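> One structure, pasted below without further comment.
We did not get these values from a lab; they are worked out from the coordinates using the rules stated. Because the structure is a prediction, the values reported are computed rather than measured. Cβ placement follows ideal geometry from the backbone for every residue including glycine, while neighbour counts extend to all protein chains displayed.
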Amino acid sequence: MTQQSNKTQSLSNEQFERYYRQILLTEVGEQGQQALLEQHIIIVGTGGLGSHVAQQLGAAGIGHLYLVDDDSVERSNLPRQILFDETSIGQSKVLCVANRIDASNPDLRVTNYCERFTLEFADALLCENEGLQQAYLDNKLWVLDCTDNMSSRQIINAWCAQKLIGLVAASVTAFSGQLIVVNGQNNIQAGCYRCVFPNKDVIQNCASAGVLGPTVAVMASMQALTIIKQILHITPPDDQLHIFNAMTLNWQSIFRHRDPQCPACRHWDKQDTKKSSNHISNEALL
Amino acid sequence: MITVFINGHATQVDPKHTLQDILLLVTQQSSQQSQQSQQSQQSQQSQQSHKSLEQPLRQVQPSNSSQHQFDLSAIAVAHNQHIVPKSQWPQLMCNENDQIELYNAVAGG
C-alpha cells in the first residue's frame, strides 16, 4: 500500500533523473511519466515480440507488467529473442524475461505466469489480483498480444472485447508485420481484431515460414511505441490496420470497420458492459 | 477494369461484380497459377535429384509463401483502402477503377 500511495505523488528526484529524456517531450512531461508509472499491462507471449516489448516498456517506466506464457526457451529462439542465451534453453520464458527486466528498473513490478492464456486463466487473473482489478476499473489496464498463433489471438481479442480492455496486437511472419489497436471504449466503429481476421486457422507463423530477428524487433518497437502513445492519449484513436513490408521497408495503413455480425464485439452497442461478468459465448471463439 | 492486388501483385478483373464474386474468381486464377508453379517445381526437383548423388545432412523445407497464394478464410480484403468485413463481401458491388487488396493474416510473434 505504501508503494501505491507513493506512486500517486509526484516523481522522486531519482525518477526525474531516470526519465528526464522522456519528460523533456512536451507530449509526455511529468504528468505523462506519472501515467506510465501507474499503468498495468498484460503481455501475452514472451517470445520474439513479447520479450522485446517487455524490456522496452519496463525501461520506459511502465509500473506494472504481467507476463503470460507457458513456453520454454529453445535454441532456435535465440537469433531473435535476444534477452535469452544458451543458459536459458529449457527454462520458462516468462521467468527469464522477468529476471532480466526486473533488475533494470526499481519502479517496475513484474508478475509472471507460466501458463497458457485461456478465458478461464484471464478471468481468474482479473478476479484474484486486486491491483489489476483496480487498474481495470480505473481504465489503467491494457493488453498486448505478442503470441505466435491465431487461435490465441482470437481468445485474447474475445476477452479484451468482452471486458472493454484496450488491446494492441502485433504479429510478424517472414517479411510481413501487422499491428492493430482495439479499443471498445473509444473506437467502436473500427471494430476488433476479429472484424479484420475472422478465422482462427492461420497456418503460417515464424516456425513454419521463417523470420529475421530485426523484423521482429521493428514490430515489437512499434507495439511498445503504440501502447505508450495510447496511454498518454497523444494520438487519436487508431482505426487502421498497419502493415509493414520488411523487404521494401514500406508501411501501409488501411482503415478498419466494425463487422456488425462479429461475435466478439457486437455487444459494444450496449454500453455499461465493462463491469459486468458476462460469459463469452463459444461463438466468439470459433 | 478492377485491379486486385494479391500480396502486392496486380491482377485485372471485370467490374460490375460483387466483392465476393471477384474474390472467388481470383481464387480460381490463383489456384491454377499455384498448380502450374508446383508442377514446374516438381519437374525441376526431379531433374536435380537425378543429377545429385549425395543427400544433404540437414534438409530445410523452404517456406511456401507464393506471392499469388492466399486462403479466403485467412485474409483481410481492402476495397479502396477500407477493409470490408467478411459479412459484407456478398453485398458490396465493385465498379470501374476500384482497387482491391488482399492481405494474408500474419500470426507469428
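> Take A:L212 and A:E30, extend 7 Å from each Cα along the Cα→Cβ direction, and tell me the distance between the two endpoints in nm.
4.5 nm
> Then there's this: Given the options A:L141, A:Q162, A:L126, identify the residue whose Cα lies farthest towards the positive end of the charge dipole of region A:126-171 (+1 on Cβ of Lys, Arg; -1 on Cβ of Asp, Glu).
Towards the positive end, the residue furthest out is A:Q162.
> A follow-up question, please. Per-residue ellipticity at 222 nm for chain A, helices alone: DSSP H runs ≥ 4 residues times -39500 (n - 2.57), over residue total, nearest 500 deg cm²/dmol?
My calculation for chain A gives -10500 deg cm²/dmol from helical runs alone.
> 5 Å is the cut-off here: which amide hydrogens, built 1.01 Å from N in the peptide plane, fall below it relative to B:F5, excluding neighbours closer than 5 in sequence?
Counting only residues 5 or more places away or on other chains, the set is B:T11, B:I100, B:E101, B:L102.
> How many percent of all Cα-Cα pairs in chain A sit more than 29 Å apart?
Pairs farther apart than 29 Å: 31 percent.
> Something else: In the structure displayed, which of A:K93/B:K86; B:K16/B:K86; A:K93/A:K200; A:K93/A:K270 lie more than 30 Å apart, Cα to Cα?
A:K93/B:K86; A:K93/A:K270
> Check cross-link reach from A:K229 to the aspartates and glutamates: straight Cα distance under 20 Å, and skip same-chain residues fewer than eight apart.
A:E27, A:E30, A:E38, A:D107, A:D138, A:D145, A:D238, A:D239
> Still on this model: Take chain A, connect every pair of alpha-carbon atoms lying under 10 Å apart with a spring to form a Gaussian network, then pick out the residue of A:I180, A:I89, A:I228 with the largest mean-square fluctuation.
Of A:I180, A:I89, A:I228, the Gaussian network model singles out A:I89 as fluctuating most.
> Could you give the DSSP H helices of chain A that reach 15 angstrom or more along their long axis (alpha carbon positions) and whose average Kyte-Doolittle hydropathy is no lower than 0.5?
A:213-232
> Count the DSSP beta bridges whose two residues both fall in region A:39-284, then state the antiparallel fraction as a percent rounded to the nearest 5. All intermediate terms of the calculation are to be shown ahead of the outcome.
Numbers: 19 of 39 bridges.
Given both bridge residues lie in region A:39-284, the antiparallel proportion sits at roughly 50 percent.
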